[in-house]
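Student: Submitted below is the structure of interest, expressed as structure tokens.
Any read-out appearing in this document is the output of simple, stated calculations on the displayed coordinates, not a laboratory observation. This is a predicted model, so every value here is computed, not measured. For neighbour counting, all protein chains shown are included, and Cβ atoms are generated from backbone atoms with ideal geometry for every residue, glycine included.
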Amino acid sequence: MSKKDPAARDFWQGRRVFVTGHTGFKGAWLWLWLRALGARLAGYALAPVTVPSLWEIVRAGAGAEESSIIADVRDPARLRAALGPWSVSGPALVVGAAALADSAWLEGNAASLECSARRLDALLAAAGFAIIGGAGLFRLAEHDDAANWFEQLCQAGILTRRFVERPKWLRFGLPAAPRDWERLALALRLRPDVER
């Protein structure tokens, strides 16, 4: 869908859109695209990980119909308050309402993510990475040889995020399935080829 497409503009013009993760790289680009299509935007995300960030540039052009909340989606009370009385499609409303109302699911999901984060931290530490932090679905790690690790992991089909302004940093997403954990563990056991 292009911003030059009249149907796209007609669909998004004036529509309220709640974007989670808008301070990240992809979220900031989504925000720009939706802004160009005339959407009324509200964002909810953690503070940007990098300085400078794309979000800082995007935020500079914010209109009156745009709002940004810096908070953690794992805080259900704050997220509920931020969503407020937004109109949402029927299926999304049912799924979202069920998830937010299910405190056992929220706690279980938070515990599962925390467990996965600790597991990923252990794998990365064993490969010589220092854990800087992270949130939700990713971990931020530092390694003196991050550029070579990035290349090696890409060759193994594992995508990480590099930071031009922080060349020793890599951001890892939490693996979703057992086979993804196995693939990552295997790739991290291999030493990066420093001579590339």
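Student: What's the extension gain from D180 to E114 if we count 0.36 nm per residue and subtract their Cα-Cα distance?
Tutor: Answer, rounded to one decimal: 22.0 nm.
Student: Next question, about the same structure. Taking a temperature of 4 °C and a viscosity of 1.567 mPa s, what whole-number D in µm²/s does Stokes-Einstein yield for the stretch 1-62 with Rh from Kirkwood over alpha carbon pairs?
Tutor: 109
Student: Here's another thing I want to ask about it. Among S112, A176, A126, whose Cα sits farthest toward the positive end of the charge dipole of the stretch 106-189 (+1 at Cβ of Lys/Arg, -1 at Cβ of Asp/Glu, about the Cα centre)?
Tutor: So the residue we want is A176.
Student: Within a 10 angstrom radius of the beta carbon, how do T23, T50 rank from fewest other beta carbons to most? Let's see the in-between values first.
Tutor: Details: T23 25, T50 19.
If I rank by nearby Cβ atoms, fewest first, I get T50, T23.
Student: What number, in nm² with one decimal, is the all-direction average of the projected area of the convex hull of the alpha-carbon atoms of the stretch 28-83? Present the calculation step by step, with values, prior to reporting the outcome.
Tutor: Working: hull surface 16.2 nm².
The directionally averaged projection comes out at 4.1 nm².
Student: Report, in cubic angstrom per residue, the convex hull volume of the C-alpha atoms of the stretch 106-189. All intermediate terms of the calculation are to be shown ahead of the outcome.
Tutor: Details: hull volume 7.0 nm³, N = 84.
Roughly 83 Å³ of hull volume per residue.
Student: Moving to a separate point now. Going by Cα centres, the stretch 126-164 and the stretch 1-75 are how many Å apart?
Tutor: 26
Student: Stretched out fully, how many nm does the piece from R15 to A36 gain, at 0.36 nm a residue minus the Cα gap?
Tutor: 6.3 nm
Student: So how do F25, F11 line up by other beta-carbon neighbours within 10 Å, fewest first?
Tutor: The fewest-first ordering by Cβ neighbours comes to F11, F25.
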